[in-house]
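> This structure is in structure tokens; I'll ask about it shortly.
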Amino acid sequence: MSKMRTTASVFALAALSTGAAHAQVRDHISIVGSSTVFPYTQAVAERFANVTGAPSPVVESTGTGGGMQIFCQGIGEGHPDITGASRGMKASEFELCAENGVEDITQVQIGSDGLSIAISRENDFDWDLSLREIYLALGAQVPVEGEWVDNPHTTWNEINPDLPETEILVLGPPPTSGTRDAFVELAMHAGCEELDFVQDGGFDGDWVEQNCSRMRTDGPFVEAGENDNLIVQRLNSDETAMGIFGYSFLFENSDVLKPVTINGVAPDEDTIASGDYPVSRPLFFYIKNGHRGAIPGLNEFIAEYVSEDSFGPGGYLSERGLVPLPQARREEMRERALNGVSMSAPE
Amino acid sequence: MSDTPHTAPRGRIDWADPALSERLRLRKRRQFWLKALGLGAVGVAALMLFVLIASLVVTGYQAFRQTHATIEVNIDPFQVDPANIRGGNFDDIIETAILAYFPDVEAPGEQREIVRILSDGAEFQLRDRVLDNPELIGERVSITVPLSDPYDLLNKGLIDRTTPEENRRLKDDQIARFDTLAEAGIISQPLNTALITNADSRFPELAGLKGALVGSFYALATCFLLAFPVGIGAAIYLEEFAPKNRLSDLIEININNLAAVPSVVFGLLALAVFIGWFGLPRSAPFVGGMTLALMTLPTIIIATRAALKAVPGSIREAALGVGASRQQVVFQHVLPLAMPGILTGTIIGLAQALGETAPLLLIGMNAFITSAPETPFDSATALPTQIFIWADSPERGFVSRTSAAILVLLTFLVTMNALAIFLRSRFERRW
């Protein structure tokens with residue numbers, strides 16, 4: 001008996017130590033970060049591995065915030081080299097990085113992504129909403145007759161008599177998602193600022209951020225989880241439901257879904273790039289410059305990411321729904337990425 | 001003896017008593033309803049299982065075939081330098097070959113559209129073939145390459161030609177080009193071997209489960225190697241040697257409770273201990289296996305203890321009686337007799353571990369990796385996490401591939417459970 005137990009524990013210890021020894025050598029690039037940037041990084045990683053024959057980069061979708069947490073844990077082979085983000089790095093994250101010795105970081109914007117609101121093609125109405133109407137439909141608290149109260153609206157025509165008398169039902173991402181952060185910032189805050197109540201009341205940006213960031217939780221807004229394909233399926237089966245997701249999902253499913261235009265503008269490559277479509281956001285990746293030279297292939301991978309074939313117009317990232325930057329900005333980003341220009345602390 | 005109407009004398013039953021026949025009727029009715037409810041419950045369970053499998057098969061069967069095109073390519077020595085095959089101009093070679101079917105098309109934009117009918121992986125397939133066999137340089141060879149996802153969907157009828165053009169994924173001219181190729185007879189729809197032989201890819205037509213299968217295999221092997229000896233050791237001690245006291249009772253209760261701990265907790269533990277403290281690599285099947293071993297351990301201990309208990313005490317006493325030591329009794333008599341039960345429990349524990357997702361997500365086994373792992377320390381995915389990744393991919397082709405991957409996972413689970421049942425019925429001894 002005792003022999004058996006000793007054998008077992010020796011085995012477990014041996015296994016642990018070989019594992020630890022193995023962790024000292026890393027021959028592949030390790031990438032974490034936003035689920036929105038994930039498909040683009042995927043594409044570059046696959047291209048890079050195919051063309052160079054180098055070990056495939058390991059790309060993990062952890063969400064923007066989760067990615068920053070892992071990225072900022074330190075320098076060394078046990079920590080990732082790059083993190084993707086669907087928003088700029090926050091000051092708190094930059095400090096966390098600095099505390100752990102990650103001081104030299106390069107920020108690269110790869111392009112923009114539109115957030116689309118979509119509805120089934122079975123729905124006959126030509127949906128067009130303003131940001132104000134979106135806020136009134138989805139905000140946790142809205143002004144009614146001069147009072148700031150819990151959102152009472154249940155059907156669209158209560159917000160605007162021109163809209164149909166159907167129940168408000170919108171499926172969207174949960175609070176952990178970068179898509180949700182972006183939607184709150186780009187649509188909810190902007191819509192809130194358009195309200196007469198806010199403008200006449202003279203409330204400032206801080207007030208808006210404190211009071212207009214919550215989505216309602218009484219039914220009309222449904223948190224549908226991170227899986228955008230499930231939202232698409234749900235929209236197919238319920239023609240009055242709307243869904244909020246990245247533009248690439250709308251693009252892939254354009255035979256069954258149609259966009260809800262915002263202020264009369266439908267999302268497409270041109271309107272997102274020009275900013276005419278109001279709900280679009282920049283996408284970034286961050287490079288740990290301390291890892292350049294130490295991790296084989298890292299520089300080549302970055303060069304592939306910022307090549308014209310990849311993030312330029314007509315490149316393979318635009319096929320996946322990325323909206324490219326203008327020429328001059330692309331040059332700037334390439335310059336920055338290849339030379340490892342350090343970013344300064346965000347405000 | 002006083003005669004009351006309700007109590008018939010002992011031993012004599014009044015069969016004609018209406019109260020008796022009423023009671024009998026009630027009993028029979030209750031029994032009928034119990035049977036009916038039981039049957040109904042079985043029916044509901046069977047129906048749900050049927051709906052699940054049927055919906056998976058209906059969406060998934062298309063993924064087991066993949067549309068291919070067979071094209072003739074000229075491997076021009078001017079484009080492929082035998083000294084540097086990897087740097088060869090294979091995309092041009094493929095482009096020339098496919099454009100040969102459209103001699104009238106000259107506009108570069110339209111030419112690019114035509115090239116996109118073929119999968120992005122076509123040039124790499126050709127390159128790998130030439131890398132394997134450099135003598136092909138200068139030859140004219142025919143190669144079968146997958147079509148890209150939208151055209152694959154079109155060929156499978158998943159893109160409806162009757163939808164109005166503006167709502168369709170492929171426009172009329174794109175469909176016309178596909179039809180030209182189809183008329184030329186180069187389109188085929190063979191078995192989708194890539195689903196098993198390729199690792200993950202962002203292109204549905206190239207994506208396969210190899211990385212996930214190998215990853216799951218390494219994770220399960222690690223899990224087995226850790227949990228099996230430790231589990232059996234613990235069970236033998238508790239069952240055969242441990243004194244019955246407060247402490248051993250406490251351990252027993254804890255093991256039983258451990259079996260009910262949600263698996264995500266083990267994932268968090270592994271993240272903090274294995275990756276945080278020991279510095280083991282993220283996404284490695286070895287770490288996944290260690291995490292799953294924590295989860296499987298209580299199952300194995302409980303199953304082993306039950307199997308040891310089932311061995312009659314007379315066998316132990318007989319062995320002790322002829323002078324065997326406790327250790328000899330355990331290893332020469334009790335353990336061999338209990339083995340079928342132990343193996344059954346272990347296999348069921350491993351089958352559970354195979355389908356486990358939550359702890360693997362936490363330790364990063366849901367990464368995107370385009371090659372299969374070579375050792376248990378390389379990054380990899382596992383079957384359930386691969387399903388998780390595919391279910392979240394925007395490309396339409398991944399919808400059927402997700403179902404197909406679930407079917408593959410279910411096949412493994414059913415096989416493992418069948419093996420457990422086989423072992424039990426083949427080797428189990430009854431006393």
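> What are the residue pairs meeting all of these: first residue in the stretch B:83-108, first residue assigned by TED's automatic domain parsing to the domain that holds residue B:142 and more than 16 Å from residue B:125 (Cα to Cα), second residue open to solvent by less than 60 Å² (accessible area, probe 1.4 Å) and of a type in the set (Lys, Arg), Cβ atoms under 8 Å, and 6 or more apart or on different chains?
B:102/B:177
Yes/no matrix, rows are residues, columns are (1) of a type in the set (A, V, I, L, M); (2) within 30 Å of residue A:160 (Cα to Cα); (3) over 19 Å from the mean Cα position of the chain (by Cα):
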position	(1), (2), (3)
A:260	yes, yes, yes
A:299	no, no, yes
A:303	yes, no, yes
A:307	no, no, yes
A:313	no, no, yes
A:336	no, no, yes
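> Just checking, how many residues over the stretch B:134-168 are in a helix (DSSP H, G or I) and among the aliphatic types (A, V, I, L, M)?
Number of matching residues: 3.
> Something else now. Can you tell me which residue in the stretch B:169-206 is nearest to residue A:59 (Cα to Cα), limited to those that are among the polar types (S, T, N, Q) and part of a helix (DSSP H, G or I)?
Filtering the stretch B:169-206 down to residues among the polar types (S, T, N, Q) leaves B:174, B:180, B:188-189, B:192-193, B:197-198, B:201.
Filter once more, keeping what is part of a helix (DSSP H, G or I): B:174, B:180, B:197.
Values: B:174: 33, B:180: 39, B:197: 21 Å.
Restricting to residues being among the polar types (S, T, N, Q) and part of a helix (DSSP H, G or I), the top hit is B:197.
> Sticking with this one: Being open to solvent by less than 20 Å² (accessible area, probe 1.4 Å) and either facing chain A (nearest Cβ under 8 Å) or assigned to a helix (DSSP H, G or I) (or both) is the filter here, so list the residues in the stretch B:375-393 that pass it.
B:379, B:383, B:384, B:385, B:386, B:389, B:390, B:393
> Take the conditions away from chain B (no Cβ under 14 Å), open to solvent by 10 Å² or more (accessible area, probe 1.4 Å), part of a loop (DSSP other than H, G, I, E, B) and out of contact with any Pro (no Cβ under 6 Å at 6 or more places or on another chain) and apply them to residue A:55. Does it pass? Please lay out each step first, then the result.
Numbers: away from chain B (no Cβ under 14 Å): no; open to solvent by 10 Å² or more (accessible area, probe 1.4 Å): yes; part of a loop (DSSP other than H, G, I, E, B): yes; out of contact with any Pro (no Cβ under 6 Å at 6 or more places or on another chain): yes.
No; evaluated as a whole, the condition is false for this residue.
> Give B:125, B:111 a once-over and let me know the one that is open to solvent by less than 60 Å² (accessible area, probe 1.4 Å), more than 30 Å from residue A:120 (Cα to Cα) and not in a loop (DSSP other than H, G, I, E, B).
Values: B:125 fails: open to solvent by less than 60 Å² (accessible area, probe 1.4 Å).
Just one listed residue meets the conditions, B:111.
> If you go through the stretch A:214-230 one residue at a time, do you hit one that is within 27 Å of residue A:126 (Cβ to Cβ), assigned to a loop (DSSP other than H, G, I, E, B), open to solvent by less than 10 Å² (accessible area, probe 1.4 Å) and among the charged types (D, E, K, R)?
Within the stretch A:214-230, one or more residues are within 27 Å of residue A:126 (Cβ to Cβ), assigned to a loop (DSSP other than H, G, I, E, B), open to solvent by less than 10 Å² (accessible area, probe 1.4 Å) and among the charged types (D, E, K, R).
> Return the residues of the stretch A:123-174 that are in contact with an Asp or Glu (Cβ under 7 Å, 6 or more places away or on another chain), assigned to a strand (DSSP E or B) and not β-branched (Val, Ile, Thr); say none if nothing qualifies.
A:141, A:172
> Moving on to the next point. What helices (runs of 4 or more DSSP H) completely inside the stretch A:243-347 contain at least 1 residues that are open to solvent by less than 30 Å² (accessible area, probe 1.4 Å) and among the aromatic types (Phe, Trp, Tyr)?
A:247-252, A:298-305, A:308-311, A:316-319
> If I filter the stretch A:219-231 for residues that are outside the structural domain of residue A:38 (by TED's automatic domain parsing), among the β-branched types (Val, Ile, Thr) and modelled with pLDDT under 85, do I get at least one hit?
yes
> Another question, if that's okay. Give the residues of the stretch B:362-374 that are in contact (Cβ under 8 Å) with a residue 60 or more places away in the chain, out of contact with any strand residue (DSSP E or B) (no Cβ under 8 Å at 6 or more places or on another chain) and either within 10 Å of chain A (Cβ to nearest Cβ) or not aliphatic (A, V, I, L, M) (or both), sorted by residue number.
Across the stretch B:362-374, the qualifying residues are B:365, B:370, B:371, B:372, B:373.
> Could I ask something else about it? How many residues are within 11 Å of residue B:205 (Cα to Cα), over 17 Å from the mean Cα position of the chain (by Cα) and open to solvent by less than 60 Å² (accessible area, probe 1.4 Å) when one looks only at the stretch B:53-67?
2
> Scan the stretch A:80-100 residue by residue and report those that are part of a loop (DSSP other than H, G, I, E, B) and open to solvent by 50 Å² or more (accessible area, probe 1.4 Å).
If the condition is that a residue be part of a loop (DSSP other than H, G, I, E, B) and open to solvent by 50 Å² or more (accessible area, probe 1.4 Å), then A:90, A:100 are the ones that fit.
> What number of residues within the stretch B:165-212 satisfy the criterion of being within 14 Å of chain A (Cβ to nearest Cβ), within 20 Å of residue B:97 (Cα to Cα) and free of Cβ contacts under 8 Å to residues at least 40 places away in the same chain?
1
> Consider residue A:130 carefully, then state whether it is closer than 30 Å to residue A:257 by Cα and open to solvent by less than 10 Å² (accessible area, probe 1.4 Å).
no
The values are calculated or read from the model by the stated rules, or taken from the named source; none is laboratory data. Since the structure is predicted, the reported quantities are computational estimates derived from the model, not experimental observations. As a convention, Cβ positions derive from the backbone with ideal geometry for all residues, glycine included, and neighbour counts pool all protein chains shown. Heavy atoms of the whole protein, side chains included, go into the accessibility calculation; ligands, DNA and RNA do not. Shrake-Rupley method; radii C 1.70, N 1.55, O 1.52, S 1.80 Å.
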